[in-house]
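J.: One structure is given below, represented as structure tokens, and several questions about it will come after.
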Amino acid sequence: MAKRNDTTNTHKVRNRIHGTVLGLCCLHLFVSMPLFAQKTEGAKERISLAAGTSGVGVVYSHFLSNEIAISGMASYMSWNSAVHSHISGESIQIDPYLQFIQFGSQVDFYPIKLAKGYDRNVLPLRLSVGIYYRTNSTYSGKAYLVNGLTIGEFPMNPTESGIVNMKIITGHLMPYMGLGYDLNFGHGHWGMGLDAGVFYHGKPKVEMISTGLLSDVSQNAQQIENNLNDLRWYPQIQIKFFRNIL
């Protein structure tokens with residue numbers, strides 16, 4: 001009888017221990033559900049409007065996981081603004097021209113995790129690497145004397161004095177790397193981001209054609225190309241306004 005009582009008491013103790021452990025597990029699961037939901041919820045897709053040194057464009061992002069997203073972007077850039085300068089007392093006008101369509105893709109990493117898991121709404125630091133293609137990789141422009149030249153008693157207009165046409169040719173295919181910061185608001189549905197990085201477009205090549213009295217300037221094309229040897233990087237500064245699709 002004593003052995004049976006001991007066995008019965010042992011079973012009761014085990015049942016109590018099992019019940020206590022099961023209850024604690026259920027309590028832990030119940031308490032953890034909001035935290036788990038917080039970790040797994042977030043944007044699955046994102047559509048952004050962007051503007052910056054690559055022009056204006058649209059960005060589509062798909063989040064593969066909490067930490068990784070793939071983004072595709074297409075943008076259009078057109079710039080033509082006169083620049084005035086003074087060299088040796090002469091007023092010179094430079095008319096640069098830049099126009100291109102750029103598209104490509106990049107992988108975005110969100111490396112920072114909080115104690116409760118990731119939360120892009122709190123620490124949205126982003127690292128990005130990608131590859132882009134630019135339809136027109138030539139920066140062109142022309143320069144001329146604003147007031148022309150006067151030889152003896154004969155004034156010459158800018159066209160008669162001479163015009164220098166120059167092209168700076170870079171690569172079409174450009175690897176990209178940069179940093180980004182996203183700020184969500186409006187319950188995470190809307191937000192804005194800032195990107196800062198560089199495109200590598202290779203060593204520039206210079207072509208020059210000059211006319212009139214400035215025709216000898218074309219001989220300096222090689223020297224200018226050597227001076228631009230280190231300008232192999234194109235800066236990327238961009239601001240984005242986006243809509244998260246949860």
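J.: Where in segment 147-246 are the strands (runs of 3 or more DSSP E), entirely inside, with at least 3 residues that are modelled with pLDDT under 85? Reasoning before the result, please.
T.: Values: elements: 149-151, 154-156, 163-169, 173-185, 190-200, 205-210, 233-245.
Result: 149-151, 154-156, 163-169, 173-185, 205-210.
J.: Out of segment 123-135, which residues are part of a loop (DSSP other than H, G, I, E, B) and modelled with pLDDT under 90? Step through it out loud before you land on a result.
T.: Filtering segment 123-135 down to residues part of a loop (DSSP other than H, G, I, E, B) leaves 123-124, 135.
Within segment 123-135, 123, 124 meet the criteria.
J.: Given the conditions (1) assigned to a strand (DSSP E or B); (2) within 29 Å of residue 44 (Cα to Cα); (3) of a type in the set (Gly, Ala, Ser); (4) at pLDDT below 90, which single one is not true for residue 85?
T.: Just one mismatch for residue 85, condition (2).
The values are calculated or read from the model by the stated rules, or taken from the named source; none is laboratory data. Note that the structure is predicted; figures quoted are calculated from it, not measured.
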